[in-house]
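Asks: First, the structure itself, so that you have it in front of you.
The values are calculated or read from the model by the stated rules, or taken from the named source; none is laboratory data. Quantities reported herein were computed from a predicted structural model and do not represent experimental measurements. Here Cβ is always computed from backbone atoms with ideal geometry, including for glycine, and neighbour counts include all displayed protein chains.
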Amino acid sequence: MKILVCISHVPDTTTKIKFEGNGDTLDKSGVTFVINPYCEYGLSRAIGFREEGKNVSITALSVGGPEVEPTLRKALAIGADDAVRISAHPNDSALVARQIYNYVEGKEFSVIFTGKESIDFNGSMVPGMLAEYLGWSFVSFATHMEMTGEESAVLHREVDGGYEVVEARLPIVVSCQKGISEWRIPNMRGIMAARKKPLAVVSPSEEVADTLSTIKFDYPPAKEACTYIEPDNAARLVDELVSKGLI
Amino acid sequence: MSVLLFAENSQGKFKKAVFEAATYGFELAQLLGTNLEAVSIGQIENAELEKLGTYGVSKVYRIQSEEMDAFANTAYAAGIASVAKSVDANIVVMAQTYNGRAIAPRVAVKLKAAPLSGVISMVDPGNGFQTAKYSYSGKGVESFKSEKDSLVITVKANGFHVAENPQSIAIENFEYTPAASELDAVAKEIVKASSGISLTEAEIVVSAGRGMKGPENWGMIEELAGLLGAATACSKPTADMGWRPHHEHVGQTGIQVAPNLYIAIGISGAIQHLAGVSSSKNIVVINKDPEAPFFKIADFGIIGDLFDVVPQLIEAIKKAKVSG
Ligand SMILES: Cc1cc2nc3c(=O)[nH]c(=O)nc-3n(C[C@H](O)[C@H](O)[C@H](O)COP(=O)(O)OP(=O)(O)OC[C@H]3O[C@@H](n4cnc5c(N)ncnc54)[C@H](O)[C@@H]3O)c2cc1C
């Protein structure tokens, strides 16, 4: 079974986000980039299939410039067999989905894992668009996946206050969420092996017009200073909340 | 050209997020000088559909076919796209719910439309449909434009507003029978992990963290939430340790919420936690550590021991209820 894991290259979760100029782009100085945590759940689940004794090959793919290569090496260290970088600027969800689609067409993958969203743009659009371009099934926000046959799987999908049990046909695009697996820490052997694993650079296969463009980034509206209330005066808090119509 | 709302129902009922998306669709239709129409999929009574009229919908197309009683994103997207084409709508609006996120990207591809996801402000039709959404998990706000005038918009829950714009509403059945190939991922069952209030839609969220010391102390959190009609949430470590169910975990790697009021009890306010809750409109923090980072984004703070403060708060609310 051939599995593709899409890896988004994002600022570490502890990053204090700062924008450059008039909010044109992220100020990358001092920022550590990592595998998008949700994509990493997908990678872990793919490795889980191998540990369950299935014959799987795992390709990690990222759309981006040379700066994403260390992130792909990390995916190789965790356990992907090979990696692919599609050399295009990933600034538009339609473009990213289209690029991945062009790469995947005709390559006989059965499962594509993505994150439920990337923690930078939070669009949550790439996986569903990719599934639609491919004409594959799609399960979003998956918290569980087991194969039930050569071409079928059962998944759990997060919904409000619970989960849905979904029966799906392969090939499939699965967007992953916490619960589908646990993150793994690469060991020394994995890190050494990763240096020798293949990382192919693929040029973007066709020009795709961008549909969306960023104008600028702002910070969320600043908060007014906190009003402190004495610990033995919960009644005052209740009065404040009632007078603001909050409770 | 008209604006089409996907009016998602949950077991035959509309939730607030749908009325918020309807309000968005109506205000956009007004800007464009057109009407807001809607498509509904699945079993639903006329009386429920008529509620859409209150929020600006003048006509609703109802797709009811047995195959679509259970959620199937491919078939739902195909049904919506088919209505959009037949009524010549090049803008589709829906709530950014779990199902909305599964369907919107497919509909965008089918209609060759730009996907505008999780918007928090009205698009500006005179200026490349410029609008905004949160980015960097709530740490930034991105303003962006679309090169196309064909759009699929998902509206962030509690990100816009709900307003009544009463219309007389017509209900029409729309024939759509999905092909077998469109039933490639079908919900067989929904397992409810809680009977409580939906976390993403709640007006008030009561959230607690490691300061609670152990799962046995959560009774007062549930009591407080019960009194306020609030949903309960928790920090990541408390879910990881099994003190609380995973579906309550909020933050960057959990559920992102934006309620009107978020009450954080015994949570330090780590950057990853704040990323998922900082768009809450009002924040109350109860923590014994005056240096806890959460106070920086709080509207009201109580520095004190939660085991004293929370029971007092519960009593004060009960009193206010009796007198109010
Ligand atoms: C990649 C990554 C992703 C993450 N994602 C998330 C996420 O999505 N959500 C999330 O929540 N965390 C996330 N975390 C974890 C995050 O960094 C913090 O560790 C976590 O939020 C801390 O949880 P807490 O506030 O409950 O616990 P602590 O940080 O231990 O805070 C407990 C607080 O309770 C207070 N307290 C203790 N006793 C009392 C008392 N008696 N009365 C009043 N106050 C008291 C303390 O002063 C303290 O501030 C993530 C971490 C990483 C590395």
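Asks: Does B:HIS273 meet the test of being crowded, with 23+ Cβ neighbours inside 10 Å, within 13 Å of the ligand (Cβ to nearest atom) and facing another protein chain (nearest Cβ under 8 Å)?
Replies: no
Asks: More than 16 Å from the ligand (Cβ to nearest atom) and out of contact with any Leu (no Cβ under 6 Å at 6 or more places or on another chain), is that true of A:ASP81?
Replies: Here the answer is yes, as A:ASP81 does meet what is asked.
Asks: How about the range B:254-268: which of its residues are assigned to a loop (DSSP other than H, G, I, E, B) and either within 11 Å of the ligand (Cβ to nearest atom) or under 12 Å from the mean Cα position of the chain (by Cα) (or both)? Step through it out loud before you land on a result.
Replies: So in the range B:254-268, the residues assigned to a loop (DSSP other than H, G, I, E, B) come out as B:254, B:256-260, B:266-268.
Scanning the range B:254-268 gives B:GLY254, B:GLN256, B:VAL257, B:ALA258, B:PRO259, B:GLY266, B:ILE267, B:SER268.
Asks: What residue, of B:GLU291, B:GLU248, B:GLU315, is of a type in the set (D, E, K, R) and either near the ligand (Cβ under 10 Å from one of its atoms) or in contact with an Asp or Glu (Cβ under 6 Å, 6 or more places away or on another chain) (or both)? First the steps, then the outcome.
Replies: Values: B:GLU248 fails: either near the ligand (Cβ under 10 Å from one of its atoms) or in contact with an Asp or Glu (Cβ under 6 Å, 6 or more places away or on another chain) (or both); B:GLU315 fails: either near the ligand (Cβ under 10 Å from one of its atoms) or in contact with an Asp or Glu (Cβ under 6 Å, 6 or more places away or on another chain) (or both).
Answer to the selection: B:GLU291.
Asks: Still on this structure, please answer the following. Take the range A:200-224 and flag every residue that is part of a loop (DSSP other than H, G, I, E, B) and among the aromatic types (Phe, Trp, Tyr).
Replies: A:TYR219 - this is the single residue of the range A:200-224 that is part of a loop (DSSP other than H, G, I, E, B) and among the aromatic types (Phe, Trp, Tyr).
Asks: Residue check: is B:SER135 within 26 Å of A:PHE19 (Cα to Cα), out of contact with any helix residue (DSSP H, G or I) (no Cβ under 9 Å at 6 or more places or on another chain), without any contact (Cβ under 8 Å) to a residue 40 or more places away in the chain and buried (at least 18 other Cβ atoms within 10 Å of the Cβ)?
Replies: On the way: within 26 Å of A:PHE19 (Cα to Cα): yes; out of contact with any helix residue (DSSP H, G or I) (no Cβ under 9 Å at 6 or more places or on another chain): yes; without any contact (Cβ under 8 Å) to a residue 40 or more places away in the chain: yes; buried (at least 18 other Cβ atoms within 10 Å of the Cβ): yes.
Criteria met by B:SER135.
Asks: I'd like to verify a number: residues in the range B:276-288 that are near the ligand (Cβ under 7 Å from one of its atoms) and facing another protein chain (nearest Cβ under 10 Å), how many? Explain how you work it out, then say what you get.
Replies: Taking the range B:276-288 and keeping what is near the ligand (Cβ under 7 Å from one of its atoms), we get B:276, B:286-288.
Imposing the further condition that a residue be facing another protein chain (nearest Cβ under 10 Å) reduces the set to B:286, B:288.
Number satisfying all stated conditions: 2.
Asks: Given A:MET192, A:MET188, A:MET129, A:MET147, which one is buried (at least 20 other Cβ atoms within 10 Å of the Cβ) and either under 25 Å from A:ASP12 (Cβ atoms) or in contact (Cβ under 8 Å) with a residue 12 or more places away in the chain (or both)? Give the derivation first.
Replies: On the way: A:MET192 fails: buried (at least 20 other Cβ atoms within 10 Å of the Cβ); A:MET188 fails: buried (at least 20 other Cβ atoms within 10 Å of the Cβ); A:MET147 fails: buried (at least 20 other Cβ atoms within 10 Å of the Cβ).
Unique residue meeting the criteria: A:MET129.
This table checks each residue for (1) part of a strand (DSSP E or B); (2) in contact with a strand residue (DSSP E or B) (Cβ under 7 Å, 6 or more places away or on another chain); (3) in contact (Cβ under 8 Å) with a residue 12 or more places away in the chain.
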{"site": "B:PHE26", "(1), (2), (3)": "no, yes, yes"}
{"site": "B:LEU31", "(1), (2), (3)": "no, no, yes"}
{"site": "B:ALA81", "(1), (2), (3)": "no, no, yes"}
{"site": "B:VAL93", "(1), (2), (3)": "yes, yes, yes"}
{"site": "B:PRO115", "(1), (2), (3)": "yes, yes, yes"}
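Asks: Among the residues of the range B:233-240, is there at least one that is among the charged types (D, E, K, R), in contact with a strand residue (DSSP E or B) (Cβ under 7 Å, 6 or more places away or on another chain) and either within 14 Å of the ligand (Cβ to nearest atom) or in the same structural domain as B:ILE317 (by TED's automatic domain parsing) (or both)? Walk me through it before giving the result.
Replies: Narrowing the range B:233-240 to residues among the charged types (D, E, K, R): B:236, B:240.
Subsequent filtering for residues that are in contact with a strand residue (DSSP E or B) (Cβ under 7 Å, 6 or more places away or on another chain) retains B:236.
Filter once more, keeping what is either within 14 Å of the ligand (Cβ to nearest atom) or in the same structural domain as B:ILE317 (by TED's automatic domain parsing) (or both): B:236.
Yes: the range B:233-240 contains one or more residues that are among the charged types (D, E, K, R), in contact with a strand residue (DSSP E or B) (Cβ under 7 Å, 6 or more places away or on another chain) and either within 14 Å of the ligand (Cβ to nearest atom) or in the same structural domain as B:ILE317 (by TED's automatic domain parsing) (or both).
Asks: Do we have B:GLY209 as away from chain A (no Cβ under 13 Å), surrounded by fewer than 19 Cβ atoms within 10 Å (Cβ to Cβ) and within 16 Å of the ligand (Cβ to nearest atom) here?
Replies: Numbers: away from chain A (no Cβ under 13 Å): yes; surrounded by fewer than 19 Cβ atoms within 10 Å (Cβ to Cβ): no; within 16 Å of the ligand (Cβ to nearest atom): yes.
Here the answer is no, as B:GLY209 does not meet what is asked.
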